[in-house]
Amino acid sequence: MTTAKRVYSFGAGKADGNKEMNDLLGGKGAGLAEMSSIGIPVPPGFTITTSVCTLFYKNGKRLPKDVLPAVAAALHKVEKLAGKRFGAARNPLLVSVRSGARVSMPGMMDTVLNLGLNDKTVEGLAEQSGDERFAWDSYRRFCAMFGDVVLGMKPQRKEDRDPFEIILDRKKEALGVKLDSALPVSALKELVAEFKAEVLQKKGIHFPDEPMQQLVAAIEAVFQSWENERARAYRRINGIPASWGTAVTVQSMVFGNMGEDSGTGVAFTRNPATGANEFYGEFLVNAQGEDVVAGTRTPQKISELAARFPEIAQQLEEARSRLERHYRDMQDIEFTIERGRLYLLQTRAGKRTGFAAVRIAVEMAEEGLVTPREAILRVDPSALNQMLRPVFDEGAKQRALASGRFLANGLPAGPGAATGRIVFFATDAEAWKEKGEQVVLVRHETSPENIRGMAAANGFLTAFGGMTSHAALVARQMGKVAIVGCEALSFDYEARTMTVATPGGPRTLSEGDWISIDGSTGQVIEGSVETTPSEVVQVLIEKKLHPADAPVYRQFAKLLEWADQERRLKVRANADLPDQATVAIAFGAQGIGLCRTEHMFFGEGKIGPMREMIVAETGRERRAALAKLLPLQREDFAGLFRAMGSRPVTIRTIDPPLHEFLPQDEKGVAELALATGKSAERIRARIDELRESNPMLGNRGCRLGISYPEITETQARAIFEAACDVADEGIEVQPEVMIPLVCERNELDHQAKIVRDVAAAVFAERGRALQYSVGTMIEIPRGALTADRIAETAEFFSFGTNDLTQMAFGISRDDVGPVLHIYLEEDIFEVDPFVSIDREGVGELMRIAVERGRRTRPSLKLGICGEHGGDPSSVEFCHQIGLDYVSCSPYRLPIARLAAAQAALRERAAGAGLRSRSPARIRLARAGPSAPPSTPPSCTPRRARPPRA
Ligand code: PEP
Ligand code: MG
């Protein structure tokens with residue numbers, strides 16, 4: 001029996017793996033293998049696969065038996081290539097042990113550096129480097145890192161301090177030195193002994209000196225870090241399945257802290273914030289890699305590297321263009337200079353803002369580096385949200401600056417505008433957000449522990465760190481507004497204040513004060529500043545900006561133009577009012593997929609007659625109230641038809657439980673009593689009568705139209721009269737009347753008959769006939785299962801996946817919040833099924849309905865109008881099962897257009913659509929980039945109902 005290969009070696013221009021092996025080797029392992037193969041200088045090493053991680057967990061957190069022999073063999077190869085021996089007293093090999101998942105999870109998992117050091121090898125390192133101080137400094141760092149990561153001594157609570165830092169600080173205090181670098185060798189030696197004593201005291205074990213024992217423990221610890229709290233939170237936020245696991249890469253150490261001819265840096269082959277084609281990055285002289293990413297020292301710009309290390313700068317520039325041409329994508333690289341020699345430690349597709357993603361994709365296609373089709377596939381559809389987000393109103397910002405509210409400048413790491421109240425702790429950001437506050441997280445620096453708070457904040461501002469610091473990386477990934485490296489800030493966390501060295505002198509701000517940050521310019525402003533629509537919105541919706549003056553818009557439009565040429569799925573909008581329809585058209589809607597007529601009743605002057613209609617106790621009373629509603633609805637529908645021109649407009653008859661329209665307070669009761677001439681008592685009694693225990697499963701949807709046929713009659717009349725009015729204006733209207741919540745064909749027959757009878761009557765009255773269709777929502781499992789019968793009457797289906805999900809899971813969509821929270825936390829659900837279609841269950845019902853429906857009526861038109869219609873992974877699924885269109889809120893149309901094009905392209909690439917599995921599964925479950933942009937008022941809300949009594 002052959003066993004799977006567990007370990008993949010790389011180094012000296014060769015590698016067992018390659019860049020296609022991301023899933024098995026993780027991004028880091030695959031990148032190192034590829035770089036090694038194409039002759040980029042990387043220190044030799046090997047990668048233990050992600051499948052070992054899976055087995056490790058299956059085995060009760062033990063490494064499978066065949067892993068260690070493979071590790072030993074691979075280590076031997078590294079020894080040969082490096083010309084050093086692991087554990088040797090002379091010229092010892094030291095290694096780093098790092099995590100590496102399929103997609104990068106910056107800083108969420110653990111790393112151990114300088115592994116292999118002990119009291120013997122430290123002397124060897126001193127000899128080899130000719131620098132005793134460096135050797136002992138590396139040793140004390142290793143002991144602390146090993147203690148924290150492998151032996152679990154890292155503090156668990158935010159109030160606690162790292163035990164090794166406490167010892168270090170004590171030592172500095174005793175010697176009267178401020179900086180670590182001022183500690184003499186003797187002090188470093190003492191620190192090593194004290195760190196080990198701390199391990200013995202806290203953990204009851206001797207610090208392991210045997211290098212192989214260190215290595216095995218470190219590999220296990222890195223695998224275990226896949227399940228640490230930070231990594232789990234990150235996975236949840238980004239929709240990364242727990243089943244993927246991490247790889248572990250063990251690599252020969254190179255040192256950027258070997259003196260003034262050494263250094264370390266991080267760079268992007270293009271600007272990750274704006275997408276501009278410029279080499280963009282930072283480096284630190286005489287430092288280790290962690291120092292750049294941790295953001296604890298503000299590094300120098302890469303453009304300054306040439307002045308210090310001209311040859312290295314030249315080599316790096318060559319590596320930049322080589323890697324970009326090789327990967328045909330923007331790369332994020334890590335490098336180390338050890339005594340004047342350059343090594344690359346990592347290359348991966350660089351995280352970028354939505355702005356940068358679009359610009360890079362479009363420009364690379366224009367440069368001929370990728371095809372337009374590849375450009376389409378390069379942009380995460382959800383990232384388009386950022387381009388629709390507001391920016392600061394320039395006038396308001398200038399006024400704020402002129403009135404002395406400018407505080408400081410930092411590095412613009414995440415574009416956009418954010419205003420909120422200052423919080424200094426990530427946990428507070430979460431808690432305040434829960435209370436409904438808008439917050440900006442302000443800190444010295446952020447770390448992976450802060451991830452949930454960062455997701456909760458409108459934006460973040462840090463005092464330290466460069467454009468590649470943790471805060472900057474996370475901002476770009478989450479699509480958050482961020483400013484980093486704002487050195488004018490200093491903090492008193494105890495007092496929950498910060499002091500800003502402003503041009504006019506120091507200014508102190510406290511927790512809860514308002515602050516505004518411009519992530520496009522790096523300006524920090526006191527107080528809140530008004531925002532204005534984005535460039536795209538100004539061109540498309542407000543028509544205040546000419547495309548010629550809007551480069552961001554032009555790239556956005558170009559990408560979507562390419563996408564439109566590839567997609568098969570049509571896109572429609574969920575829109576209830578003419579202004580929403582206009583927005584929808586600007587964003588590319590090819591029709592309206594759902595007009596929720598009940599939303600119209602909340603409009604000016606309509607709720608009164610609507611309430612009269614509901615409390616009516618006889619058919620005559622109800623008709624009288626409906627007669628008042630008829631002209632109002634007719635006008636609404638006419639507005640929609642006019643706005644949409646010859647595009648199809650699906651109008652749904654009334655859906656939610658009637659009592660939701662009723663007054664919730666005494667004032668409303670009194671008004672209704674006055675309007676109807678009934679007593680307040682009687683009105684209250686009627687409201688009680690209408691109250692239901694489970695309104696979601698009660699008298700709603702077509703059941704209402706069946707209970708009160710005159711409602712459907714009136715709505716149908718309003719639709720057809722409006723259609724005739726608009727058709728008389730020369731517009732070719734295409735009404736589609738949709739009956740909600742059908743589970744049985746007879747229900748639809750009942751309602752369709754009313755609609756068709758009214759249509760015939762109106763056409764007879766108006767002396768003209770119009771094309772129209774009658775269809776239904778498929779949103780009850782029984783409806784899906786009996787789709788063949790329902791299709792005998794329905795001319796179209798629209799999947800109401802909000803209700804279909806609710807009923808397939810048996811979880812009320814109104815009450816799901818707390819359950820979902822736990823389920824996502826416990827990995828019971830990988831993603832929120834109300835956000836992304838559950839393909840196995842809800843998706844199966846949809847497949848069945850498509851298949852059975854089309855069997856009865858091959859011309860059946862199929863769409864979706866649940867919230868999932870704007871979710872990239874769900875759009876892909878809709879493409880795969882052969883729907884004709886997706887319908888979503890207007891501001892999500894660009895996402896749907898791009899996602900539909902990607903689905904078509906992937907299907908073509910896979911050769912068979914139903915088998916393809918998409919990277920679009922890597923998506924947000926609950927927060928962050930895939931949430932719609934702060935929704936303008938004209939957007940369709942998810943469920944715009946008055947609160948229940
Ligand atoms: C649905 O259920 O998916 C749907 C679109 O209808 P509503 O959200 O109005 O119930
Ligand atoms: Mg519904």
- Query: In this structure, does Arg855 turn out to be surrounded by fewer than 19 Cβ atoms within 10 Å (Cβ to Cβ), among the basic types (Lys, Arg) and either away from ligand 2 (no atom under 16 Å from the Cβ) or within 28 Å of Gln580 (Cα to Cα) (or both)?
  - Reply: yes
- Query: Residues of the stretch 785-806 being among the hydroxyl-bearing types (Ser, Thr, Tyr), more than 8 Å from ligand 1 (Cβ to nearest atom) and within 24 Å of Tyr772 (Cβ to Cβ), which ones?
  - Reply: Thr793
- Could you grab the pairs with beta carbons closer than 6 Å, sequence gap of 6+ or different chains, first residue in the stretch 122-134 and more than 10 Å from Phe255 (Cβ to Cβ), second one surrounded by fewer than 17 Cβ atoms within 10 Å (Cβ to Cβ) and small (Gly, Ala, Ser)? Gly124/Ala89
- Query: Of (1) touching a Leu at 6+ places or on another chain (Cβ under 9 Å); (2) modelled with pLDDT of 90 or more, Ile687 satisfies all except one. Which?
  - Reply: (2)
- Message: Can you report the number of residues in the stretch 145-197 which are closer than 19 Å to Asn228 by Cα and not in a loop (DSSP other than H, G, I, E, B)?
- Response: 6
- Residue ranges of helices (runs of 4 or more DSSP H) in the stretch 1-100 with at least 3 members closer than 20 Å to Leu115 by Cα and over 38 Å from the mean Cα position of the chain (by Cα): 67-82
- Note on the structure: When (1) under 26 Å from Phe799 (Cβ atoms); (2) at pLDDT below 95; (3) surrounded by 18 or more Cβ atoms within 10 Å (Cβ to Cβ); (4) more than 16 Å from ligand 2 (Cβ to nearest atom) are applied to Pro695, the one that fails is (4)
- Query: If you check every pair at least six apart or on different chains, which have Cβ atoms under 6 Å apart with a residue in the stretch 761-780 that is free of Cβ contacts under 8 Å to residues at least 12 places away in the same chain and within 16 Å of ligand 1 (Cβ to nearest atom) first and a residue that is in a helix (DSSP H, G or I) and of a type outside the set (Asp, Glu) second?
  - Reply: none
- Taking only pairs six or more apart or across chains, which ones have beta-carbon atoms under 9 Å, a first residue in the stretch 491-504 that is in contact (Cβ under 8 Å) with a residue 24 or more places away in the chain and under 15 Å from Thr462 (Cβ atoms), and a second residue that is surrounded by fewer than 14 Cβ atoms within 10 Å (Cβ to Cβ) and of a type outside the set (Lys, Arg)? Met498/Asp492; Met498/Thr508; Met498/Ser510; Val500/Pro506; Val500/Thr508
- Query: So Ile822 fits all but one of (1) within 16 Å of ligand 1 (Cβ to nearest atom); (2) free of Cβ contacts under 8 Å to residues at least 24 places away in the same chain; (3) of a type in the set (Val, Ile, Thr); what number is the exception?
  - Reply: (1)
- Restricting attention to the stretch 547-583, which residues are within 25 Å of the chain's Cα centre (by Cα), in a loop (DSSP other than H, G, I, E, B) and among the basic types (Lys, Arg)? Arg567
- Task: May I ask you to list the residues in the stretch 59-98 that are of a type in the set (S, T, N, Q) and surrounded by fewer than 18 Cβ atoms within 10 Å (Cβ to Cβ)?
- Result: Asn59, Asn91
- Query: Any residue in the stretch 808-818 that is under 18 Å from Val742 (Cβ atoms) and either over 24 Å from the mean Cα position of the chain (by Cα) or within 13 Å of ligand 1 (Cβ to nearest atom) (or both)?
  - Reply: yes
- Message: Against the condition closer than 22 Å to Pro155 by Cβ, surrounded by fewer than 16 Cβ atoms within 10 Å (Cβ to Cβ) and more than 43 Å from the chain's Cα centre (by Cα), how does Ala182 come out, does it pass?
- Response: no
- Item | Condition met for Glu318 (among the charged types (D, E, K, R) and either crowded, with 22+ Cβ neighbours inside 10 Å or over 20 Å from Lys19 (Cβ atoms) (or both)) | no
- Scanning the stretch 268-287 for residues that are surrounded by 23 or more Cβ atoms within 10 Å (Cβ to Cβ) and out of contact with any Asp or Glu (no Cβ under 6 Å at 6 or more places or on another chain), which turns out nearest to Val362 (Cα to Cα)? Gly275
- From the list Gly853, Gly863, Gly882, which residue is within 16 Å of ligand 1 (Cβ to nearest atom) and either aliphatic (A, V, I, L, M) or within 19 Å of Gly800 (Cβ to Cβ) (or both)? Gly863
- Looking only at the stretch 618-626, decide whether some residue is surrounded by fewer than 18 Cβ atoms within 10 Å (Cβ to Cβ), of a type in the set (A, V, I, L, M, F, W, C), part of a helix (DSSP H, G or I) and away from ligand 2 (no atom under 16 Å from the Cβ). yes
- In the stretch 858-886, how many are within 16 Å of ligand 2 (Cβ to nearest atom) and among the charged types (D, E, K, R)? 1
- Item | Test for Arg647: is it among the basic types (Lys, Arg), closer than 26 Å to Leu577 by Cβ and more than 16 Å from ligand 2 (Cβ to nearest atom) | yes
- Does Val755 satisfy being in contact with a strand residue (DSSP E or B) (Cβ under 9 Å, 6 or more places away or on another chain), under 23 Å from Asp576 (Cβ atoms) and more than 16 Å from ligand 1 (Cβ to nearest atom)? yes
- Query: If only one of Glu304, Glu220 is surrounded by fewer than 18 Cβ atoms within 10 Å (Cβ to Cβ) and at pLDDT 95 or above, which one is it?
  - Reply: Glu220
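The values are calculated or read from the model by the stated rules, or taken from the named source; none is laboratory data. These numbers come from a predicted model, not from an experiment. Glycine also receives a Cβ, built like all others from the backbone with ideal geometry; neighbour counts cover every protein chain displayed.
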